[in-house]
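What follows is a short report on a single structure.
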Amino acid sequence: MNIKTTEKGQALILIAFAAIGLFAFSALAIDGSRAFSDKRHAQNAADSAALAAALAYARGNDVNTAAQSRVTANGYDGGTMSDVTITTTDLATNSGICSNNAAGKEITVTIVSYVNTTFARVIGRNQVTNAVTATARGCAYTLGALFDGNAIVGLNPSLTNCGIDTGNSNSKTWTVTGGGVFSNGCLEHPNGTLTVPNDKCVNSVGNADVSGGGTHTCVQEGQTSSAYSYPADIAAVMPPDPCTGTITSGRYAAGGKVPTSGQTTFDNDIFCISDFSTLNDHIVLSNSTLYVTDTSFDVKFNGGGDTGFFGTGSTSGTYQGYYMIIKLLSLTAASNCDQNIEFRGNGNLDIVGTILAPSTCMDYRGNSSGVTTRSQMIFFNFTSNGTADLDINYQAGDNPTSPEDANLTLLK
């Protein structure tokens, strides 16, 4: 009997093994890269969340909410594709961990994420698990008013183009109660009168010309040690931008709400304003804050009737005491007055809460109808070219505070 042997079919076996190897290398290259990218992103999210929680502690806000909001904004919401754990440890006074034996808090954020695979499924690996952790420490703080509680602040560092300037009117009167006046450069008030409380002061980094009269028993100029570096030092006191991330159901991932078209009344929320010129009308706030992201505008609010700004800023949370916050720009953009506002003798101006507009040029032409603005006015340039009187009554309880001597550390 003649038996014939053949090697047909062996190639299929080799090709099968080669294919498995090829898929394994593809899984390593593609799925491995995806898993590595996700782990790096998760680590950044955990670091950011831990520091945000430490900052929330420094500001007296809820630590867990701050951490959870930050990880959610970065795509880790604790749903089916991730688990998020936030733990806190109180550091007692005299523990020796914080400087000056102060109290503190350590916050640990752990993110476990699940990355679905593609090629790795061939070798039985349907999912890759990443686990990252970050711990930050916040040490005790004291709360102080923004810019030392000065009621009017001009942040322009120029020593020739004054951050506070009353312009050319000879009849205007500025009356400031509850706080002082500060210019990060020079200050000009040669006309009309400037009145500040006896226990407050008129301060400027450069020249302070207050020869126009009024009551200002304390005038300090050349205060170079009090100078703010623009914009770096200003960025450090800016509240977090709530108008970032994707928009879902009319709200940014960072928390800010998108107003409806033509909306001029704002209640119980933080509203993101991308086109400030649309608000050149009657504006009323109730327990709310306007966060303006618009980098270029020129708006004029006329006095009389129902036009202008009214109402109260947020009464709690991260934006407590803020009536309006306007995006910080570069020194060049601020010097060009790319953001410009005029309050044109607005007799009905009734604001409670701080306007923090560090890059904005403001021409405030008075509120002489007897309405007192209970606000802190913080602008790049603050001028007043009208003939109406200006009356600002700063009250610390109506305005925000910032942490002083706070210490934030990312431990691991």
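The values are calculated or read from the model by the stated rules, or taken from the named source; none is laboratory data. Predicted, not measured: the structure shown is a model, and the values here were computed from it. Please note: Cβ atoms are built from the backbone with ideal geometry, for glycine as well, and neighbour counts cover all protein chains shown. The area values use the complete protein model at the heavy-atom level, side chains included, leaving out ligands, DNA and RNA. Shrake-Rupley method; radii C 1.70, N 1.55, O 1.52, S 1.80 Å.
Cβ-Cβ distance of ALA396 and ILE247, R₀ of 35 Å, FRET efficiency by 1/(1 + (r/R0)^6): the value works out to about 0.50. Positive-end ranking of LEU329, THR265, TYR228 along the dipole of the range 192-330, with charges on Cβ about the Cα centre, is headed by THR265.
Computed from phi, the 3J(HN,Hα) profile of the range 325-338 under the Karplus parametrisation 6.51, -1.76, 1.60 (θ = phi - 60°) reads 10, 10, 3, 7, 10, 6, 4, 5, 5, 5, 5, 7, 6, 4 Hz, with x in place of Gly and Pro. For GLY311, nonlocal amide neighbours, meaning residues 5 or more places apart or on other chains whose placed amide H falls under 5 Å from its own, are LEU285, ASP350, VAL352. Ordered from largest to smallest accessible area (heavy atoms of protein chains, 1.4 Å probe), the residues HIS216, HIS41 come out as HIS41, HIS216.
Over 23 Å apart at the Cα level, from the set LYS105/LYS257; LYS39/LYS412; LYS300/LYS327; LYS172/LYS200, are LYS105/LYS257. Of ILE164, ILE247, the residue with the largest accessible area leads and the full order is ILE247, ILE164 (1.4 Å probe).
Computed from the Kirkwood radius of its Cα pairs, the Stokes-Einstein diffusion coefficient for the range 224-334 at 25 °C and 0.890 mPa s stands at 162 µm²/s.
Overall, the range 187-255 carries a charge dipole of about 280 debye about its Cα centre when +1 sits on the Cβ of Lys and Arg and -1 on the Cβ of Asp and Glu, all other atoms neutral.
Expressed to the nearest 5 percent, the antiparallel share of DSSP beta bridges inside the range 79-237 is 60 percent. Based on the Cβ-Cβ distance from THR195 to ASP275, what FRET efficiency comes out when R0 is 51 Å, to the nearest 0.05? That pair, THR195 with ASP275, gives E of 0.85.
Per-residue Karplus couplings for the range 288-295, computed as 6.51 cos²θ - 1.76 cosθ + 1.60 with θ equal to phi - 60°, are listed in order as 9, 9, 8, 10, 9, 9, 4, 9 Hz, Gly and Pro entered as x.
Rolling a 1.4 Å probe over the protein heavy atoms leaves LYS39 with an accessible area of roughly 100 Å².
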